[in-house]
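Asks: My structure is below; once you've seen it, I'll send some questions.
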Amino acid sequence: MKKLSIILASLLVTGYVVFSVIYFSNSSRNVVCNNFEVVLKDSTYVRFIRQSDIEDLLKRKKIYPVGKKMGEINTLQIQDTILTNRLVKSAKVYTAQNGSVIAHIYQREPVLRVISDTKGSFYIDDNREPMPVSTNFTVYVPLATGAIDEEFARRELYDFARYLSENPEWNAWVDQIVVRPNREVELIPRAGDFRIAFGKLENFSEKFDRFALFIEKGLNVVGWDRYSMISLKYDNQVVCTKR
């Protein structure tokens, strides 16, 4: 008899749990969404995207969730639509019991800013892919201008920008990277009224080591305004052009 009572009690509990799950599940589907929230998970570094940008995108696609029943909201469709924004790296959309729909978004991370004579202005991200500039925010990364095509930006310029980011003393010192049609590069420094003929984007460390030595033994002795061009193009030497 005691065993039978235990079995009946277990069945009642199981039945209640199943009923509760079904009841509350159906009830939650009828809850009207009262809030849509965008959480930028990496906003301390970049702020390309605003909540209003995502809201406007979803409204244009007629899938903005606020005012709709939870059972009518397709979070996967919202997620896929958010990913069409070329500034978005990844997104995850889910519902909450309080009637909210929440989108967690990671933005793409730029490594290099390019202003090309033929391709216009764009960034190269940390996956070597081009990404559009944003009117909302400008991030401080190396700037390259001139005769730049996408392939050169994704390869040689990307590698150079990475080198600069890993060597902050040079990153802070280089103001602009100017690319000539023959793909040789000139650097415009933040300090000094001269340019540096860097040549091809190769042997970064060796060239900067030579330049650091020249600053110590040369510019700091004769003055920073004596030369208009300092060339690091040639092995084991620094060639200067006087004003």
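Asks: Which of the residues that make up region 217-235 are modelled with pLDDT of 85 or more, open to solvent by 40 Å² or more (accessible area, probe 1.4 Å) and not aromatic (Phe, Trp, Tyr)?
Replies: Hits for region 217-235 are Ser228, Met229, Lys233, Asp235.
Asks: Counting only residues that are among the charged types (D, E, K, R), at pLDDT 95 or above and in contact with a Phe, Trp or Tyr (Cβ under 8 Å, 6 or more places away or on another chain), which one in region 184-206 is most open to solvent (accessible area, probe 1.4 Å)?
Replies: Glu184
Asks: Could I ask something else about it? Could you please find all residues in region 172-183 being surrounded by fewer than 17 Cβ atoms within 10 Å (Cβ to Cβ) and either assigned to a helix (DSSP H, G or I) or at positive phi (or both)?
Replies: Matches in region 172-183: Ala172, Arg183.
Asks: A follow-up question, please. Out of everything in region 207-243 that is hydroxyl-bearing (Ser, Thr, Tyr) and in contact with a Phe, Trp or Tyr (Cβ under 8 Å, 6 or more places away or on another chain), what residue ends up being farthest from Phe194 (Cα to Cα)?
Replies: Per the stated criteria, the residue is Thr241.
Asks: Right, here's the next one. Looking at the structure I just gave you, is Val133 in a loop (DSSP other than H, G, I, E, B) and buried (at least 17 other Cβ atoms within 10 Å of the Cβ)?
Replies: It is true that Val133 is in a loop (DSSP other than H, G, I, E, B) and buried (at least 17 other Cβ atoms within 10 Å of the Cβ).
Asks: Scan (1) in contact (Cβ under 8 Å) with a residue 40 or more places away in the chain; (2) under 12 Å from Leu112 (Cβ atoms); (3) open to solvent by 30 Å² or more (accessible area, probe 1.4 Å) for the single condition Tyr158 breaks and write down its number.
Replies: If we test Tyr158 against (1) in contact (Cβ under 8 Å) with a residue 40 or more places away in the chain; (2) under 12 Å from Leu112 (Cβ atoms); (3) open to solvent by 30 Å² or more (accessible area, probe 1.4 Å), just (3) comes out false.
Asks: I've got another one for you. Out of Ser90, Ser116, which single residue is farther than 14 Å from Asp53 by Cα, in contact with a strand residue (DSSP E or B) (Cβ under 8 Å, 6 or more places away or on another chain) and assigned by the TED database to the domain that holds Val179?
Replies: Criteria check complete, one pass: Ser116.
Asks: Could you grab me the full set of residues in region 107-130 that are more than 19 Å from Ile177 (Cα to Cα) and buried (at least 16 other Cβ atoms within 10 Å of the Cβ)?
Replies: Scanning region 107-130 gives Gln107, Arg108, Glu109.
Asks: Now for a different question. Could you count how many residues in region 217-243 are under 17 Å from Phe204 (Cβ atoms) and charged (D, E, K, R)?
Replies: 2
Asks: Which is in a helix (DSSP H, G or I) and in contact with a helix residue (DSSP H, G or I) (Cβ under 6 Å, 6 or more places away or on another chain), of Leu157, Leu164?
Replies: Leu164
Asks: Could you grab the pairs with beta carbons closer than 9 Å, sequence gap of 6+ or different chains, first residue in region 132-149 and in contact (Cβ under 8 Å) with a residue 12 or more places away in the chain, second one among the acidic types (Asp, Glu) and in a loop (DSSP other than H, G, I, E, B)?
Replies: Val139/Glu109; Thr145/Asp117; Gly146/Asp117; Ala147/Asp117; Ile148/Asp117
Asks: Which of the residues belonging to region 1-56 are at pLDDT 85 or above and aromatic (Phe, Trp, Tyr)? Please lay out each step first, then the result.
Replies: Let us first name the residues in region 1-56 that are at pLDDT 85 or above, namely 30-41, 47-56.
Of everything in region 1-56, those that are at pLDDT 85 or above and aromatic (Phe, Trp, Tyr) turn out to be Phe36, Phe48.
The values are calculated or read from the model by the stated rules, or taken from the named source; none is laboratory data. Given the structure is predicted, the values throughout are model-derived calculations rather than measurements. Reconstructed Cβ throughout: ideal geometry from the backbone, glycine too, with neighbour counts over all protein chains shown. The accessibility values were calculated without ligands, DNA or RNA, using every heavy atom of the protein model including side chains. Shrake-Rupley method; radii C 1.70, N 1.55, O 1.52, S 1.80 Å.
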